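The values are calculated or read from the model by the stated rules, or taken from the named source; none is laboratory data. All values reported here derive from a predicted model rather than from experimental measurement. A quick note on method: Cβ atoms are made from the backbone with ideal geometry, for glycine too, and the neighbour counts reach across all protein chains shown. Accessible surface is based on the protein model in full, side chains and every heavy atom, while ligands, DNA and RNA are left aside. Shrake-Rupley method; radii C 1.70, N 1.55, O 1.52, S 1.80 Å.
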Amino acid sequence: MTWSTHQQDMLREMGIRLWLPPPAVQRGPDGAPAANAPPAQKIQSVPTLSAQPNDLASAAFNRSLETALVGQASGVTADKPSLLTDQMDWDDLGAAVSSCRACGLCESRRQTVFGVGNRQARWMLIGEAPGEQEDREGEPFVGKAGQLLDNMLRAAKLTRSDAEPKQQVYIANVLKCRPPQNRNPLPEEVARCEPFLRRQVALVQPDLILAMGRFAVQSLLGSQEPIGRLRGRVHEYLGVPVVVTYHPAYLLRNPLDKSRSWEDLCLAHEVWARRKGMA
Ligand code: URA
């Protein structure tokens with residue numbers, strides 16, 4: 001396979017080391033390498049596609065999520081979102097999130113983390129929940145995982161910065177409050193928070209959603225399948241195409257899977273280009 005310069009830049013930004021064919025060796029008349037020939041390139045392997053991420057807890061999580069969605073008392077369910085939330089504009093939604101006390105996470109949060117970026121963005125990125133730094137700063141993905149995400153965005157010619165509104169994405173999480181000690185979100189917390197995300201998606205009306213990590217993916221798609229099996233296909237949330245990929249924090253721990261997440265970004269770009277072509 002040959003990589004275009006843009007693809008090579010993209011891989012490099014994500015910290016993926018490329019194997020490139022060695023340049024043709026210049027040879028002298030006797031067939032031996034010429035004295036000024038460049039040294040042979042050290043071979044670095046592209047990761048293989050055999051390993052699967054560890055998605056062990058997913059089935060149990062989703063069974064509990066279904067129960068929570070069906071059983072919660074607030075009248076808010078995945079199928080029947082809160083009528084109130086569904087009517088909200090950005091200001092009302094922001095106020096509702098920051099004053100939300102629908103689950104126990106409100107007791108331990110420093111502040112809610114609503115979302116960031118262009119409210120008319122064409123790409124919407126959805127993660128899991130704020131971590132410690134996000135809880136402190138009030139913005140999604142500002143920690144180490146966020147730095148990797150910014151590199152990935154840059155490689156895909158996207159940004160969270162409002163300096164380039166056309167390339168600017170919108171980033172939000174499934175949960176708006178930090179789970180204590182960054183524990184996994186509970187199904188009931190996801191169910192309580194989901195109407196806020198639904199409304200954000202409805203207000204942004206993106207062309208494409210990139211769902212990052214098991215919790216975001218399985219919550220959005222209502223699926224129990226592991227990410228490894230959901231990748232490489234186009235799904236849908238509220239009528240918006242969804243491409244699934246690994247969470248940046250997972251990629252920090254499993255850098256070999258960065259090549260797969262790059263494939264996911266390529267798929268997202270393809271889907272987006274097709275949508276733009278149709279518009
Ligand atoms: N991980 C997430 O899923 N979201 C954040 O905002 C930070 C880390």
- Note on the structure: Heavy-atom accessible area per residue of segment 116-240, all protein chains kept, 1.4 Å probe, expressed in Å², is 39
- Count the net charge of all other residues whose Cβ sits under 12 Å from the Cβ of Asp92, scoring Lys and Arg as +1 and Asp and Glu as -1. -2
- Task: Name the residues whose placed amide hydrogens come within less than 5 Å of the amide hydrogen of Gly131, ignoring near sequence neighbours (fewer than 5 apart) on the same chain.
- Result: Phe141
- Using r as the Cβ-Cβ distance of Glu270 and Asp89, and R0 as 35 Å, what FRET efficiency do you calculate, to the nearest 0.05? 0.60
- Message: Just want to confirm a number: the relative contact order over segment 120-190, from Cα pairs under 8 angstrom separated by 6+ residues, in percent.
- Response: 44
- Taking 0.36 nm per residue of separation between Gln120 and Glu132 and subtracting their Cα-Cα distance, the length gained on full extension comes to 1.5 nm
- Gyration tensor verdict on segment 204-279 (Cα atoms; rounded if a/c is under 1.5, prolate if a/b is larger than b/c, oblate otherwise): oblate
- Task: Under 1.5 on a/c is rounded, so check that first for segment 71-207, then, if it is not, pick prolate when a/b is larger than b/c and oblate when it is not; a ≥ b ≥ c are the square roots of the alpha carbon gyration tensor eigenvalues.
- Result: oblate
- Here the FRET efficiency for Glu263 versus Gln224, based on Cβ atoms and R0 = 22 Å and rounded to 0.05, is 0.45
- Task: Kindly state, to the nearest 0.05, the FRET efficiency for Lys144 paired with Arg233, given R0 = 22 Å and r defined as their beta-carbon distance.
- Result: 0.15
- Query: So which of Lys144/Lys166; Lys166/Lys258; Lys176/Lys276; Lys144/Lys258 end up more than 20 Å apart, counting from Cα to Cα?
  - Reply: Lys144/Lys166; Lys166/Lys258; Lys176/Lys276
- If every Lys and Arg gets +1 and every Asp and Glu gets -1 at its Cβ, then about the Cα centre segment 103-243 yields a dipole, in debye to the nearest 20, of 240
- Message: Need one word for segment 128-279: rounded, prolate or oblate. Basis is the Cα gyration tensor (sqrt eigenvalues a ≥ b ≥ c); a/c below 1.5 gives rounded, then a/b vs b/c decides.
- Response: rounded
- In segment 233-279 the accessible area split gives carbon plus sulfur, as whole percent at 1.4 Å, a share of 58
